[in-house]
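Heads up, the thing below is written out as structure tokens.
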Amino acid sequence: MADLDAFRAETRAWLEANCPPEMRKPIEDEEDVYWGGRNARFKNDAQKAWFEACRDKGYTVPAWPKEYGGAGLSPAEAKVLREEMARINARPPLNSFGIWMLGPALLKFGTEGQKQRFLNEIARGEIRWCQGYSEPGSGSDLVSLQTFGEDKGDHWTVNGQKIWTSYADKADWIFCLVRTDKANKYQGITFMLFDMASKGVTTKPILLISGNSPFCETFFDDVDVPKSYGEDIPAQVGEVNRGWDVAKYLLGHEREMISATGGGDRATSLGAVASRNGALDPVLRAELALFDVDALAFTAMSEKFLDEVKVGRGHPAQPNMMKYAGTELNKTRHELLMAAGGSAALEWDSEESAGGKSARNWLRTKANSIEGGTSEVMLGVIAKRILELPGA
Amino acid sequence: MPLYHDDDQAMLAETASQFMAEEGAIAKQLRHWRDLQNKDGTKGCKDGFGHDLWKQMAEMGFTGLLVPEDDGGLGMGNVEAGIVLEEIGRNLTPSPFLTSSVMGATALAHGSDDLKGRWLPGLISGDSVFAVAIDEGPKHRPERVATRAEKSGNGFRLTGRKDFVVHGASADMIVVSARTSGADDDEDGVTLFAVPRDAAGLGHNSVRLVDSSMASHVTLDGVELDGDAVIGEVDGGRSVLNRVLDAGRVGAAAEGVGVARGSMDMTVDYLKQRKQFGKLIGEFQALQHRAAHLYSEVEIARAVTIKAQQLLDAGAENASLMASVAKAKVGKAAGLAVKEGVQMHGGIGMTDEYDIGLYMKRDRALAEFLGDVYYHADRVARLSGY
């Protein structure tokens with residue numbers, strides 16, 4: 001405990017010295033957070049200074065080992081750092097799918113050579129990654145994916161199409177599920193890593209109902225993927241044809257992450273926020289009150305869930321419940337915000353509405369219960385694995 | 001403090017679970033007392049619970065669980081009381097634990113040494129039962145206190161009427177909120193009294209409720225009490241009343257979690273046994289998804305109940321807010337659990353012979369006790385500034 005207190009004091013002082021005031025303001029849009037990569041640009045000097053200070057300290061990925069670019073913090077120390085950053089509203093210094101998704105997969109399944117190269121690149125924000133999972137015909141039923149990599153000896157030739165590839169148009173590399181054995185459904189998929197600049201890769205942004213385009217369609221047309229990037233750096237994570245194990249692990253990890261943040265802006269009462277513009281209609285007030293009950297209760301659930309994860313308690317399928325409940329709650333939150341906002345919340349691009357922020361955020365939340373496993377898939381998993389209902 | 005039970009609490013949970021499943025089982029307690037044939041041809045026990053079980057609970061140490069060790073109890077907190085209450089809920093065990101060991105004990109903790117000396121030993125030994133008289137009317141409105149307590153000699157004279165006094169006619173002592181000054185809706189001017197069973201002018205109209213528990217419409221017709229019957233400060237009873245309410249609400253939430261889990265487990269088991277159309281009905285996705293949604297709601301309700309218990313024990317600033325959140329959330333989740341329970345059981349769920357309907361009845365009574373979903377959602381809104 002004394003050590004942790006010392007660490008907290010030290011961390012607080014370090015943040016005070018290194019986190020610029022501009023980096024302590026709420027995140028308004030995507031560009032407010034640095035995503036890294038070969039073509040990355042800093043929005044301003046403060047963002048650059050904050051990123052570089054964290055990178056040099058290992059704080060872009062504080063819990064990763066030092067040899068892979070992290071700070072080697074223990075879970076308790078990492079929690080202190082999170083708390084201290086939250087205390088001053090510090091923005092994350094670097095966002096990336098490399099940190100959230102590929103990194104954890106490499107830490108668990110990667111070779112030493114892969115870890116040395118790719119984890120360090122991620123930690124230093126040098127390579128921006130995207131994820132190639134879903135296909136037009138393979139959404140909830142992901143394992144039916146058809147993108148095929150033909151074995152050509154020292155390389156694969158990949159053909160097919162991915163969809164919902166987040167920021168594919170901005171990414172440098174992709175971690176991609178590719179079928180390498182057509183005869184074997186589950187054990188015929190390989191988790192491949194390759195450069196988006198490879199010949200035959202094209203991307204096309206998808207315009208969403210929110211008016212934004214965070215996702216792309218990604219096409220592979222005779223893309224040659226070398227099987228190795230150097231000594232002990234194979235192009236695939238895990239064994240060839242065993243990529244489904246890696247994908248499943250990552251899906252679980254993703255649900256855990258979504259569930260940990262699922263409640264959205266949970267510190268404030270939604271009813272208190274909504275009533276700032278004047279008196280609420282009584283029935284809306286009642287809906288808001290019932291929502292606040294659900295939201296505060298879910299905050300306790302999140303705390304309990306994380307406490308139990310820390311000590312290995314709780315049902316292994318519990319992240320599915322958290323993902324389900326958290327995303328449904330967030331959709332309701334934005335429905336109520338729209339109702340409370342009235343016609344002002346309908347404005348699509350006015351300055352007063354900050355470019356239609358309310359309406360666009362509302363529409364964006366509709367994907368919460370689709371991406372990373374739909375609510376219906378989550379309910380099916382709960383029924384099968386937790387309630388042990390038959391034939392699910 | 002992590003949001004799960006520590007080793008000692010897990011041990012208590014195991015003990016309570018075993019005890020209540022054996023001694024407090026539905027057939028042995030709830031149905032037994034409900035179906036008791038009286039000599040006069042009527043049916044049902046006048047208390048609605050068994051005094052033998054209450055004595056057994058005393059032997060287990062449960063009755064004095066919240067009483068400080070210096071006063072002869074176990075000195076435990078609301079988390080531990082909640083553990084016992086969850087098992088009471090799961091088995092629908094009729095007992096005066098919530099009104100006596102939680103609410104009565106919480107009130108007496110603010111009483112004089114004389115009051116403690118008079119009432120606590122009987123509670124701890126399982127010889128005494130307490131009730132709490134707060135409601136005045138069919139809905140829970142503790143902010144309004146119309147019952148009057150006027151100065152009379154060295155003491156007070158109480159006049160008024162109280163409703164939904166659970167176990168009122170069985171109680172050796174009733175904690176009564178009354179107004180010693182001010183208008184009905186004033187925050188100040190409320191005083192709590194420990195009214196003994198034999199007080200002159202104390203009347204009961206005892207009624208059986210839907211869940212077979214007994215509650216009284218209590219009349220206070222010029223009940224004369226000594227000054228030493230006052231719990232806490234004269235005119236300053238509101239803060240004690242609020243503590244009694246918080247403890248009672250969090251306790252009722254814990255019991256509700258037990259009702260919800262008992263009902264859900266019974267229903268999920270049924271889905272795995274009942275066949276229609278040549279299939280187990282648990283294979284149907286329409287039922288699977290509803291059962292999974294129910295699981296999610298009950299898990300969340302349980303988490304916030306434990307959170308509220310911990311906050312109450314820690315004396316945290318937001319404990320009262322979270323007590324309301326817990327009571328409301330459990331009201332929603334347990335209500336869903338019993339409704340889905342009866343529906344998913346189909347026709348058999350409508351029969352008296354099958355236990356699932358008993359869960360629905362108990363949930364209905366618990367939902368009203370100390371404020372329903374709507375009362376507490378409104379309170380959450382008020383405490384949040386809207």
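Read-outs: derived from the displayed coordinates by stated rules, not from any lab. In this text the structure is predicted, and so the values were computed from the model without any measurement. Every residue, glycine among them, receives a Cβ derived from its backbone with ideal geometry; neighbour counts consider all protein chains shown.
Within straight-line reach of A:Lys25, meaning a Cα separation under 19 Å, sit the following aspartates and glutamates at least 8 residues removed in sequence or on another chain: A:Glu16, A:Asp45, A:Glu52, A:Glu83, A:Glu84, A:Asp265.
Relative to the dominant Cα principal axis of chain A, helix A:318-341 is inclined by about 50°.
Under 5 Å from the amide H of B:Ala133 lie the amide H atoms of B:Val175, B:Val176, B:Ser177, each residue being 5 or more positions distant or on a separate chain, with H modelled from the backbone and absent for Pro and chain starts. Shown is the FRET efficiency for B:Asp6 and A:Lys152, computed with R0 = 60 Å from the Cβ-Cβ distance and rounded to the nearest 0.05: 0.50. For a straight C-alpha distance cut-off of 28 angstrom, the lysines reachable from B:Lys151 (same-chain residues fewer than eight places away being disregarded) are B:Lys116, B:Lys162.
Each label point was placed 7 Å from the Cα along the Cα-to-Cβ direction; for B:Ala286 and A:Lys108 their separation is 3.7 nm. Taken about its Cα centre, the protein assembly as shown carries a charge dipole of about 1640 debye when Lys and Arg each add +1 at the Cβ and Asp and Glu each add -1 at the Cβ. Helical content of chain A, expressed as a calculated mean residue ellipticity at 222 nm, amounts to -12000 deg cm²/dmol (DSSP H runs of 4 or more residues, -39,500 (n - 2.57) each, divided by residue number, nearest 500). Applying the Karplus relation 6.51 cos²θ - 1.76 cosθ + 1.60 with θ = phi - 60° to region A:85-93 yields 3J(HN,Hα) values of 5, 5, 4, 9, 6, 5, 6, x, x Hz, where x marks Gly and Pro. The C-alpha atoms of chain A define a longest principal axis, and helix A:45-57 lies at about 60 degrees to it. If R0 is taken as 45 Å, the Cβ-Cβ distance between A:Asp307 and A:Asp349 corresponds to a FRET efficiency of 0.55. Under a model in which nothing but the beta-carbon of Lys, Arg (+1) and Asp, Glu (-1) is charged, region A:129-242 shows a dipole of about 320 debye around its Cα centre. Approximating the spin labels as points 7 Å out from Cα along Cα→Cβ, the A:Ser74-to-A:Ala317 distance works out to 3.5 nm.
Be a star and scan region B:83-120 for residues whose amide nitrogen sits under 19 Å from the point 7 Å along the Cα-to-Cβ vector of B:Met60. Those under the cut-off are B:83-105.
Screening chain B for DSSP H helices whose Cα atoms reach 20 Å or more along their own axis and whose mean Kyte hydropathy is at least 0.0 gives B:237-271, B:319-345. For chain B, adding -39500 (n - 2.57) for each run of n ≥ 4 DSSP H residues and dividing by the number of residues yields -15000 deg cm²/dmol at 222 nm.
Rounded to the nearest 0.05, what FRET efficiency is calculated for A:Lys48 and A:Asp222 with R0 set to 51 Å and r the Cβ-Cβ distance? E(calc), rounded to 0.05, equals 0.85.
The alpha carbon centroids of region A:145-177 and region B:1-52 are separated by 62 Å. Listing B:Tyr270, A:Tyr68 from fewest to most neighbouring C-beta atoms within 10 Å gives B:Tyr270, A:Tyr68. Put a dot 7 Å past the Cα of A:Ala2, heading toward its Cβ, do the same for A:Ser213, and the two dots end up 6.0 nm apart.
Here B:Lys275 is the anchor, and the lysines within straight C-alpha reach of less than 20 Å, apart from those fewer than 8 places off in the same chain, are A:Lys384.
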